[in-house]
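The structure appears below as structure tokens.
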Amino acid sequence: MAVSLKDVAERAGVSRSAVSRAFTKGASVSAKMRRKVEKAAKELGYQPNALASSLTTGRTKLIGLISNNFHNPFYLEVFDLFTHALQDRGLRPLLVNLSNETDPENSVRMLRQYSVDGVIVASSTLPPGFTRAFGDAGIPAVHSFGRSVSAPHVNIVGIDNIECGRIAARTLHARGYRHLAFLGGPELATSTQDRLTGFLEELGKHPEIRVSHTFATAYTYQAGRQEMQRLLQHDRAEAYFGGDDVLSTGALSALADAGLSVPGDVGIIGLNDMEMASWESFNLTTIRQPVREIINSSIELVMAQIEDPERMPESRIFACSLVERGTLRPLPKPA
């Protein structure tokens with residue numbers, strides 16, 4: 001039979017309430033009492049019951065981790081890092097799949113039923129109001145990979161997607177490409193909109209460059225492949241900014257099937273630097289998101305708001321960087 005709190009109390013010669021306090025962070029208990037209880041618990045192999053502890057502290061240590069991008073391998077990496085980082089801090093992730101969901105009402109209701117301490121929405125495609133619904137319901141919330149605003153209603157952690165578009169444009173221009181195209185994700189996604197804005201803004205400085213844009217139906221490999229297949233039936237660009245690595249790998253597949261070489265015939269640059277981008281079969285030049293920093297900052301913010309519910313939300317933006325691999329022609333040699 002499992003060892004109970006009562007067993008520990010009897011072995012330590014203390015009350016059950018004393019054992020409970022000894023295992024409750026911040027509870028009033030002397031150092032001598034705590035040592036006595038911990039010694040008895042170790043001898044008996046006792047582990048505190050997390051659910052019972054939550055009744056005492058009012059905290060479940062559950063953090064809702066929400067996303068709608070389960071078809072994107074990049075977010076599988078994100079979930080792996082998020083769950084480990086939460087567990088390392090003594091928190092318990094509750095993963096929620098919201099594929100094809102845009103109304104937060106059901107999610108708010110479900111996570112209230114689980115009495116989560118906070119919520120992290122990890123998505124670049126869910127609308128900003130989605131995360132705000134949790135804040136309005138009194139649940140500390142952070143929108144990771146969201147669009148930054150100057151006066152956020154909830155905490156936001158992400159990147160400057162407009163600047164990422166500029167980086168892609170500058171990179172392609174520097175390599176001598178003169179017919180460029182943006183192959184973005186869903187048109188309504190704020191990440192797609194901002195990446196396109198930066199891309200067009202930067203290329204607007206170079207009137208000699210032809211530029212076009214198109215949108216895939218989703219941030220998936222198949223959507224990127226299908227959109228590139230469609231584009232190849234028309235006037236092919238010299239190089240493409242794939243608004244996401246998984247779109248770019250799908251585009252690479254379509255180019256290979258068409259008998260085109262990369263970067264010989266067509267150049268490709270992606271965004272995210274997911275693990276697959278470095279695989280030999282892709283070797284994708286891309287723009288790196290500092291994912292670990294975004295994740296650690298997201299957890300820091302949700303924990304801070306759990307401790308202080310009156311804390312003002314803030315927006316944190318991290319810089320991105322170019323990762324050179326093999327899908328673009330090299331820079332021209334100086335004359």
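Scanning the stretch 128-146 for residues that are under 21 Å from N161 (Cα atoms) and either free of Cβ contacts under 8 Å to residues at least 40 places away in the same chain or part of a strand (DSSP E or B) (or both) returns G129, F130, T131, R132, V142, H143, S144. Only one entry in F282, F199, F182 is outside any helix (DSSP H, G or I), buried (at least 23 other Cβ atoms within 10 Å of the Cβ), in contact (Cβ under 8 Å) with a residue 12 or more places away in the chain and not hydroxyl-bearing (S, T, Y), namely F182.
What about L172, is it part of a helix (DSSP H, G or I) and either surrounded by fewer than 23 Cβ atoms within 10 Å (Cβ to Cβ) or within 20 Å of the chain's Cα centre (by Cα) (or both)? Here the answer is no, as L172 does not meet what is asked.
Of note, R59 does not satisfy the criterion of being modelled with pLDDT of 85 or more, surrounded by 13 or more Cβ atoms within 10 Å (Cβ to Cβ) and within 36 Å of the chain's Cα centre (by Cα). Confirm whether S148 is buried (at least 24 other Cβ atoms within 10 Å of the Cβ) and under 21 Å from the mean Cα position of the chain (by Cα). Answer is no for this residue. On the basis of being at pLDDT 80 or above and closer than 24 Å to V142 by Cα, does L98 make the cut? No: the conditions fail for L98.
From the list L301, L255, L271, the lone residue that is more than 27 Å from the chain's Cα centre (by Cα), surrounded by 20 or more Cβ atoms within 10 Å (Cβ to Cβ) and outside any loop (DSSP other than H, G, I, E, B) is L255. When the stretch 307-335 is filtered for residues that are among the β-branched types (V, I, T) and under 20 Å from the mean Cα position of the chain (by Cα), the ones remaining, listed by number, are I317, V323. Inside the stretch 291-302, can you point out the residues that are in contact (Cβ under 8 Å) with a residue 60 or more places away in the chain and not polar (S, T, N, Q)? V291, R292, I294, I295, I299, L301, V302 - these are the residues of the stretch 291-302 that are in contact (Cβ under 8 Å) with a residue 60 or more places away in the chain and not polar (S, T, N, Q).
Taking the stretch 203-236, which residues are charged (D, E, K, R), surrounded by fewer than 16 Cβ atoms within 10 Å (Cβ to Cβ) and either in a loop (DSSP other than H, G, I, E, B) or under 29 Å from the mean Cα position of the chain (by Cα) (or both)? Result: K205, E208, D235.
The values are calculated or read from the model by the stated rules, or taken from the named source; none is laboratory data. In this text, all values refer to a predicted model and were calculated from it rather than measured experimentally. Positions of Cβ are generated from backbone atoms using ideal geometry, with glycine treated the same way; all protein chains shown enter the neighbour counts.
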